[in-house]
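Since the structure comes first, as C-alpha cells, the remarks are kept for the end.
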Amino acid sequence: MPDDVRLWSDELARDPSSLVFLPLAESLRRQGQLDVARKVAVRGLERHPHNPDAHDQLARIQADRGDLQSAFDEWDMVLRLVPGHVGAIKGMAFVRFQQGRLDEAEKLLMQAQGTFDDIDISAAIATVRRSSGVTVGQVAAGDLPTDPHLLFADILADDQTAIMLDKDGLVLAGAYYSANGEDVAQEVGASLSGVSDEALRATKHLGIGAWRSILFETEAATVSLAPAPERGAAAGGLMVVAAAPATPLGQLRPLLDRCVSRANVWLDLAV
C-alpha cells in the first residue's frame, strides 16, 4: 500500500488533473491520514468539480473526521449529479442517524430502498425504527435475546459482527462470522487473548492514560477493539467489532459504543 501511495503521488505531481487522486485519497483515508486525504480530495475536486466519485470520496473522509454536516453536504452534491445514487443516500441517512434525526434517516433509507432494494438497506431501516424513542444501542432488559450468541445481532448489518470476550479470550456473547458464514468466534477469541492486558501495559508505560479503543484495517475487514465493561465475567475482557473493509471509519466507533451499551444491559441481568 505505501508503494501505491508513492506511485499515485508521483503521477499526481506529474499530472495534477489526473483522476489518480481518487485512489490516493482513499488509501490515505484508510491509513487514517485524514487531513492529508482531505487535502488531496479537495484539490482533486477543484479540477473535477462535477465528478460524483470525488464528492463521494470527500464525504467519506469528512465522515471519518467527524464533520458529519460537511459529509452530508458532499453526499447531497453526489445526488444532484447522479439522482438516485444509493451510496450517497445511505451516507446521508447515516449522518442523520448519528445526529439523532431518525425520521429523516428512515425517509432517506426508504428512498434508497425504492431505488435499490437490498438486505443492508432493509437492516438499516429496521435499526432506525428500533432506535426511535430509545437510546441507540439500548433495549429493555426483557427484549434481550435469550441466546448470548445473538446479543448484538439486531444492531449489526449483514457485513458486521461483534463479540465480547473475557480476560482469557473466552466468548461471553456475540458471534464472529467468517466470509463463508462460519462462526469462528472461539478461534478469534483465542488469538486475541491477552490483547487487553498488553494495551493496558503499553499505555501505562507511555503514561498516556487508559486505552479506549484500537482500530485496524486488513484486506478482509476493518476491526475495532475496546475494553469490555469492567463488570462480572467481562472484567478485563475485550469488545471486538468488525465490518467490511469499505466501511467508513467514522461508523465503527458509534457501532462499538452501541455494542458496549448492549453488553452493559446484558451484564445487568447476569449479576
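For ALA54, the requirement of being in the same structural domain as MET110 (by TED's automatic domain parsing), at pLDDT 90 or above and part of a helix (DSSP H, G or I) is met. So for segment 230-241 (the condition being in contact with a helix residue (DSSP H, G or I) (Cβ under 6 Å, 6 or more places away or on another chain) and among the β-branched types (Val, Ile, Thr)), does at least one residue qualify? Yes, there is a match, as at least one residue in segment 230-241 is in contact with a helix residue (DSSP H, G or I) (Cβ under 6 Å, 6 or more places away or on another chain) and among the β-branched types (Val, Ile, Thr).
Answer with yes or no whether VAL195 is of a type in the set (A, V, I, L, M, F, W, C) and surrounded by fewer than 21 Cβ atoms within 10 Å (Cβ to Cβ).
Numbers: of a type in the set (A, V, I, L, M, F, W, C): yes; surrounded by fewer than 21 Cβ atoms within 10 Å (Cβ to Cβ): yes.
Yes.
The conditions of being in a strand (DSSP E or B) and surrounded by 15 or more Cβ atoms within 10 Å (Cβ to Cβ) are not met by ALA263. The set of residues in segment 14-34 that are out of contact with any helix residue (DSSP H, G or I) (no Cβ under 8 Å at 6 or more places or on another chain) and either at pLDDT 90 or above or in the same structural domain as LEU215 (by TED's automatic domain parsing) (or both) comprises ARG14, ASP15.
I need a count of the residues in segment 70-89 that are open to solvent by 10 Å² or more (accessible area, probe 1.4 Å) and within 16 Å of the chain's Cα centre (by Cα).
Kept after step one, since they are open to solvent by 10 Å² or more (accessible area, probe 1.4 Å), are these residues of segment 70-89: 70, 72-74, 76-77, 79-87.
Okay, now just the ones that are also within 16 Å of the chain's Cα centre (by Cα), so 87.
Residues meeting the conditions: 1.
Only residues that are of a type in the set (Ser, Thr, Tyr) and within 21 Å of GLY91 (Cα to Cα) were counted across segment 13-53, and they come to 1.
Results for (1) modelled with pLDDT of 80 or more; (2) assigned to a helix (DSSP H, G or I); (3) of a type in the set (Lys, Arg), shown as yes or no for each residue.
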| residue | (1), (2), (3) |
| --- | --- |
| ARG130 | no, yes, yes |
| VAL136 | no, no, no |
| LYS167 | yes, no, yes |
| SER191 | yes, yes, no |
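Is segment 39-58 home to any residue that is touching a Gly at 6+ places or on another chain (Cβ under 7 Å) and either in contact (Cβ under 8 Å) with a residue 60 or more places away in the chain or within 21 Å of GLU217 (Cβ to Cβ) (or both)?
Residues of segment 39-58 touching a Gly at 6+ places or on another chain (Cβ under 7 Å): 54, 56.
Those still in the list that are either in contact (Cβ under 8 Å) with a residue 60 or more places away in the chain or within 21 Å of GLU217 (Cβ to Cβ) (or both) too: 56.
Scanning segment 39-58, I find at least one residue that is touching a Gly at 6+ places or on another chain (Cβ under 7 Å) and either in contact (Cβ under 8 Å) with a residue 60 or more places away in the chain or within 21 Å of GLU217 (Cβ to Cβ) (or both), so the answer is yes.
Filter segment 42-69 down to residues that are within 25 Å of PHE97 (Cα to Cα), among the small types (Gly, Ala, Ser) and crowded, with 17+ Cβ neighbours inside 10 Å, then give me how many there are.
Start the filter on segment 42-69 by keeping residues that are within 25 Å of PHE97 (Cα to Cα), which leaves 52-69.
From what is left, the residues that are among the small types (Gly, Ala, Ser) are 54, 59, 63, 66.
Still in the running and crowded, with 17+ Cβ neighbours inside 10 Å: 54, 59, 63.
Of the residues in that region, 3 qualify.
Residues that are in a strand (DSSP E or B) and over 21 Å from SER261 (Cβ atoms): does segment 174-183 have at least one? Checked against the condition, which is being in a strand (DSSP E or B) and over 21 Å from SER261 (Cβ atoms), segment 174-183 yields at least one hit.
Working only within segment 203-246, note down all residues that are among the aliphatic types (A, V, I, L, M), part of a loop (DSSP other than H, G, I, E, B) and surrounded by 15 or more Cβ atoms within 10 Å (Cβ to Cβ).
ALA221, ALA228
Starting from segment 174-186, keep only residues that are among the hydroxyl-bearing types (Ser, Thr, Tyr), then list their pairs with residues that are part of a loop (DSSP other than H, G, I, E, B) whose Cβ atoms are within a distance under 8 Å, requiring at least 6 positions of separation or different chains. If the second residue must be part of a loop (DSSP other than H, G, I, E, B), the pairs left are TYR176/VAL184; TYR177/VAL184; SER178/VAL184.
Taking segment 157-187 on its own, how many of its residues are of a type in the set (A, V, I, L, M) and within 13 Å of MET239 (Cβ to Cβ)? Steps first, answer last, please.
Quick first cut of segment 157-187, residues of a type in the set (A, V, I, L, M) only: 157, 162-165, 170-173, 175, 179, 184-185.
Then keep just the ones that are within 13 Å of MET239 (Cβ to Cβ); that gives 162-165, 171-173, 185.
So the answer is 8.
Here is the figure for segment 10-51: residues that are closer than 18 Å to TRP75 by Cα and not in a helix (DSSP H, G or I) total 4.
The values are calculated or read from the model by the stated rules, or taken from the named source; none is laboratory data. Just so it is clear, the structure is predicted and the values come from calculations on it, not from any experiment. Using ideal geometry, Cβ is built from the backbone for each residue, glycine included, and neighbour counts are taken over all protein chains shown. Ligands, DNA and RNA are excluded from the accessible area calculation, which covers all protein heavy atoms including side chains. Shrake-Rupley method; radii C 1.70, N 1.55, O 1.52, S 1.80 Å.
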